[in-house]
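Below is one structure; the comments refer to it alone.
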Amino acid sequence: MNSAVLTPLTARRGSPLKGRIRVPGDKSISHRALILAAMTVGETAISGLLEGEDVLHTADAMRALGARVERTGEGLWRVHGVGVGGFAQPSGSLDFGNSGTGCRLALGAVAGCGITATFDGDASLRTRPMRRVLDPLEKMGARVISAGEGDRLPLTLQGAADPMPITYESPVPSAQLKSAVLLAGLAAPGETTVIEAEATRDHTERLLKHFGAKITSKPHGEHGRRIVLQGQPELEPSNVVVPADPSSAAFPLVAALIVPGSELILDAVMTNALRTGLFATLKEMGANIETLATRDDGGEEVADLRVTASQLKGVVVPPERAPSMIDEYLILAVAASFAEGVTRMRGLKELRVKESDRLEATADMLRVNGVIVEIEGDDLIVHGKSNVAGGGEVKTHMDHRIAMSALMMGLASDNPVRIDDSAFIATSFPDFTGLMRSLGADFS
């Protein structure tokens, strides 16, 4: 994306937020559905796919690797796969735009094929670390031909013609790292095992099972999992329904909690226990979040949620909750700003290697709007109060979640909050501003 021309946006306090909405499809599942469907033999229909820029880049990459990928309607896609290990040598580089998820998962998928591919992305993605994913992939037989400084993009990877199964203990809680190893392991004979000290989102495991792979996941230690994949399956096409993204739902949900008089219903939000740390934390803070109905969509539990404005109080968020809400700490920090008392979010080291250094960027977002905030080691400490001054301009650092979080703060602050650039919101949440305006949000 060309971000040379900035598109600033300002959010102002206004009327209560009211309405019923369905946020876009889950981004994590959308990436994985496209990649795994491309590794099946036959055709898979995907409905509810998130059509944000990040996911569209992954779709383009699968096309470049030889899969047939076509859009048949809004959120409706068909993927004709080439089988495990069947990717073709791409004629040009694979451009993942702003998407670390698409890039790291595709690195794993390509690592199990005897082809060479160059991975690239925008200025933000070029700054993000890839070495942690490359370490296990190299153990499986893949080889880095060239890379940017510090093993960053642009990066050329030669996949393994005969990938080897490994047992890998993940050094950090990262679903992307785990998924890359499992995707490479599909092409390896025997069993590929990933051991996690802290369980991370399990969408890859669920979708692998959905497409016919033999995979088991069992408890390991106090908070971890041991995942074992049987290699060289013939993955079978199986239609996928993508549920609404809880990470996207977090923004209107928190806005409804902090804007007085608000009441929203959020339809079909995925409530996978490894993704709902934010909801659990907000309820501990006193949030009124009511589950109206639950059902199963494509192997994932979904629920309709009613959210009403609430008086929140500060809490301590334990570090072991981080994997289930790693993308939601920014918007939680906004909620904590309007809560009575201190909220301490512990163990946020992983936020330093996201689209930006989200730990520092979150603190800056709060400070510029009059909130007292501290960083102690990997902990974020927010001193909340019922009214937030606002009035600041937030630097988004090309990060969609900073942009949306700051705008939600502006809807409840005494003074407007401005962001320097709203362009990157489209990477995960197309028509975010239109949807929020339909609920009564004042953006200009």
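Okay, here's what the table says:
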read-out: Length-normalised contact order of the chain in % [C-alpha pairs under 8 Å, at least 6 apart]; value: 19 percent
read-out: Contact order relative to length of segment 130-243, as percent, for alpha carbon pairs under 8 angstrom and 6 or more apart; value: 21 percent
read-out: Other-chain or far-sequence residues with amide H under 5 Å of residue 114's (modelled H); value: none
read-out: Order of 400, 383 under a 10 Å beta carbon neighbour criterion, fewest first; value: 383, 400
read-out: Full-stretch length increase - residue 295, residue 283 - with 0.36 nm per residue and alpha-carbon distance subtracted; value: 2.2 nm
read-out: Residues 234, 74 arranged by fewest to most Cβ contacts within 10 Å; value: 74, 234
read-out: Dipole moment magnitude, nearest 20 debye, segment 152-298 about Cα centre, only Lys, Arg, Asp, Glu C-beta charged; value: 200 debye
read-out: Ranked 28, 217, 124, criterion: other C-beta atoms within 10 Å, fewest first; value: 217, 124, 28
read-out: Gain upon complete extension [residue 70, residue 420; 0.36 nm per residue less C-alpha separation]; value: 122.5 nm
read-out: Under-5 Å amide H pairs with residue 168, H placed in peptide plane, nonlocal only; value: 193, 194, 195
read-out: Set of lysines with alpha-carbon distance to residue 395 below 27 Å, sequence-local pairs under 8 removed; value: 27, 349, 354, 385
read-out: Scattering profile of segment 27-241 at q = 0.17 Å⁻¹ [log10 I(q)/I(0), Debye over alpha-carbon scatterers]; value: -1.15
read-out: The chain: most fluctuating residue of 86, 410, 14 per GNM, C-alpha cutoff 10 Å; value: 14
read-out: Potential lengthening between residue 349 and residue 195 on full extension [0.36 nm per residue; Cα-Cα distance subtracted]; value: 53.5 nm
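None of the figures in this text is laboratory data; all of them are computed from the coordinates on show. Worth saying up front: this structure is predicted, and the values here are computed from it rather than measured. Every residue, glycine as well, gets a Cβ built from its backbone with ideal geometry; the counts of neighbours run over all protein chains shown.
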